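The values are calculated or read from the model by the stated rules, or taken from the named source; none is laboratory data. Not measured: the values here are computed from a predicted model. In this analysis, Cβ positions are derived from the backbone assuming ideal geometry, glycine residues included, and neighbour counts consider all displayed protein chains. To get the accessible areas, we keep the full protein, side chains included, count just its heavy atoms, and leave off ligands, DNA and RNA. Shrake-Rupley method; radii C 1.70, N 1.55, O 1.52, S 1.80 Å.
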Amino acid sequence: PGIFKSQALTPPANTTIIGRGKDVSKIRVMGTNQNLFTFTNKSNLTIRDLGLYGNSSAATTGQGEAIRFFHSTAATADQVGLHVENCHFENFKADAWILCYTENTTYRMKKIRFIDNTVQSSTGNVLDGSNLGVMSNVIAVAGAIAGTSYVEDVIISGNVADGTYIKRFVDMWYGSTNCQITDNILKDFGADASITDTGGAYAIMAYDSS
């Protein structure tokens, strides 16, 4: 129990991280422009019962993420299994607090679960409130533009999120397939005055920009 401060964490494959409750076991980002967890070409990952806290310090895209689940062109197999359940996320400033993205054009990213979590945005969390081309959302899912690679079998369910100070809850981009978004409570996304009508604030967005 307690609040732990951390630099960027890169756990190995087949890792399960379980706290004693999201209000008891908390991890807070140290330093500026840091991603908290990064999993590159790693499978079978579980994060459960933790409070994850950012420091709203990112200056540009690709920084300040809570979880980066990334499948690079160097991967030689599918990337399978990211399970995030009963966690709390707060005060991250990133294009996506949880990014699930593959650049691999041969193999697939599969079996992502984001279940029964809570999300609280804070003042200053939006990256660029007036630029439609800059994301600022809780979850982003995107497959590779070329080839036959997809992000598939995604379930986002049972979450409660207050998005007043960011743009969107979830983006499903090109290469996302067999995705379910069900039974979530989404509050006030993009409602803060720092996010303009041209900023692109929606609770859920599905868009093929390929």
Checklist entry - Of (i) -1.24, -1.43; (ii) -0.89, -1.17; (iii) -1.08, -1.34, which is the value of log10 I(q)/I(0) by the Debye sum over Cα atoms at q = 0.15, 0.17 Å⁻¹ derived from the coordinates here? => result (ii)
Next on the checklist: Please list, ordered by chain and number, the residues whose modelled amide H lies under 5 Å from the amide H of S130; skip anything fewer than 5 residues away on the same chain.
Outcome noted: T196
Item to check | Solvent-accessible ranking of H88, H83, H71, largest area first, probe 1.4 Å | outcome: H83, H88, H71
Checklist entry - Which far-off residues, 5 or more places away or on another chain, put their amide H under 5 Å from the one on V119, with H placed in the peptide plane? => result F89, V160, A161, D162
Item to check | Distance between modelled label sites at T105 and I145, nm, 7 Å Cα→Cβ extension | outcome: 1.1
Next on the checklist: At 25 °C and a viscosity of 0.890 mPa s, what translational diffusion coefficient does Stokes-Einstein give for the range 1-90, taking Rh as the Kirkwood radius over Cα pairs? Give it in µm²/s as a whole number.
Outcome noted: 181
Item to check | Which listed pairs, of K22/K110; K93/K187; K22/K167; K167/K187; K26/K167; K42/K111, have C-alpha distances above 21 Å, in listed order | outcome: K22/K110; K22/K167; K26/K167
Next on the checklist: Suppose we keep just the DSSP beta bridges with both residues in the chain; what percent of those would be antiparallel, to 5?
Outcome noted: 0
Checklist outcome for this item: Gyration tensor (Cα only) of the range 102-157 to equivalent ellipsoid, semi-axes in Å sorted down, yields 26, 18, 6
Item to check | At R0 = 25 Å, FRET efficiency that the Cβ-Cβ distance of T40 and Q180 yields, to 0.05 | outcome: 0.45
Checklist outcome for this item: For K111 the rounded accessible area (nearest 10 Å², probe 1.4 Å, non-protein molecules ignored) is 100
Item to check | Under-5 Å amide H pairs with F39, H placed in peptide plane, nonlocal only | outcome: R68, F69, F70
Checklist entry - Just Y165, Y174, Y53 to compare: in a GNM of the chain, with alpha carbon springs under 10 Å, which one fluctuates most? => result Y174
